[in-house]
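Everything below concerns the one structure shown next.
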Amino acid sequence: MSAGLVSVLFVAVALVAVGAFVATWKRDLVAALAGLPLMFGGAGVAFAGAARFSAAGDPKIFGQEVAALLAVAALALVALGVGIAGRGTSR
Amino acid sequence: MDSLHAIGFYVSAAVSLGGGLLVAFLPGRGGRGLVLALSGLGIAGLYASLSADFAGLVALVCYAGCALLIAGPRYRVVDTPVGMVWRQAGALAAAGLFAVLAYAAFRGDFIHATYNGGEFGIAGIGRLLFAHDALATEAVGALVLVALVGATAAWRVRERGR
């Protein structure tokens, strides 16, 4: 069993699509925010996979760096969204 | 990628995608936060199987934070006036996006090369973050600062309004 770049990109694409699905499907705006980290995670997986399987270009760990930055950005945006949406009713 | 890493990759992919789908369909905020954390665990596993251990660790912490925010007591419901038809159209658009990106992924390829995977690589990533790509790191830092200040300001305005 093995996994190549195409498998990694398929999983990344599926994560982005699931995140977009969550963002559009949920009626509650704050619940829709949960799709954002999924989309960012998909982008990060694509970056990490490209860095893992690419032969040309230095440095090799550029994809890891972008993936880490995307995770931090997703956390910041969810915090901002939950904070801005603070005028609704609790459920 | 050897068999052990490949098994880890596919199991992590199933966990992350299954958790992501459950985020869409679970009703309560507690359950949604739990499955978002589960999905984050799967994404961290994906990073680890791609020899991106440091990114996996960062993702684990950040997704746990996202799950706490989604499931926490600060959560407030903000209903949108968008109707069911438009939400279904958005879901179909997400499926279309998957089809287009999957085609692009199928067509894409890179030159395969040997990779010295398995090392944590924190020193190299630190050099990248704070020397080679310092501007991008500072941009994300500024985004985090603005987000936290904005969230704090929004919470304070809400408390004053009561």
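The values are calculated or read from the model by the stated rules, or taken from the named source; none is laboratory data. Here the structure is a predicted model, which is why all the values come from computation and not from measurement. Every residue, glycine among them, receives a Cβ derived from its backbone with ideal geometry; neighbour counts consider all protein chains shown.
Can you confirm whether B:Gly33 is under 14 Å from the mean Cα position of the chain (by Cα), touching a residue at least 12 places away in the same chain (Cβ under 8 Å) and at the interface with chain A (Cβ under 9 Å from one of its Cβ atoms)?
When the stated conditions are applied, B:Gly33 passes them.
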Flagged in region B:87-126 as part of a helix (DSSP H, G or I), closer than 29 Å to A:Ala76 by Cα and at pLDDT below 75, in numbering order, are B:Arg87, B:Ala105, B:Ile122, B:Ala123, B:Gly124, B:Ile125, B:Gly126
Working carefully through the options B:Leu68, B:Leu21, B:Leu57, find the one that is in a helix (DSSP H, G or I), surrounded by fewer than 20 Cβ atoms within 10 Å (Cβ to Cβ) and more than 9 Å from chain A (Cβ to nearest Cβ). B:Leu68
Single residue of A:Ala17, A:Ala43 found to be part of a helix (DSSP H, G or I), more than 7 Å from chain B (Cβ to nearest Cβ), within 16 Å of the chain's Cα centre (by Cα) and among the small types (Gly, Ala, Ser): A:Ala43
Could you look through region A:20-40, keep only residues that are in contact (Cβ under 8 Å) with a residue 40 or more places away in the chain and more than 7 Å from chain B (Cβ to nearest Cβ), and pick out the one that is farthest from A:Ala74 (Cα to Cα)? A:Leu33
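Would you check which residues across region A:1-14 are of a type in the set (Gly, Ala, Ser) and either within 12 Å of the chain's Cα centre (by Cα) or surrounded by 20 or more Cβ atoms within 10 Å (Cβ to Cβ) (or both) and list them? Please lay out each step first, then the result.
Step one: list which residues in region A:1-14 are of a type in the set (Gly, Ala, Ser), which gives A:2-4, A:7, A:12, A:14.
Matches in region A:1-14: A:Ala3, A:Ala12, A:Ala14.
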Would you call B:Leu41 assigned to a helix (DSSP H, G or I), more than 9 Å from chain A (Cβ to nearest Cβ) and hydrophobic (A, V, I, L, M, F, W, C)? yes
If you take the residues of region B:140-158 that are more than 7 Å from chain A (Cβ to nearest Cβ) and modelled with pLDDT of 80 or more, which of them is farthest from A:Val72 (Cα to Cα)? B:Val149
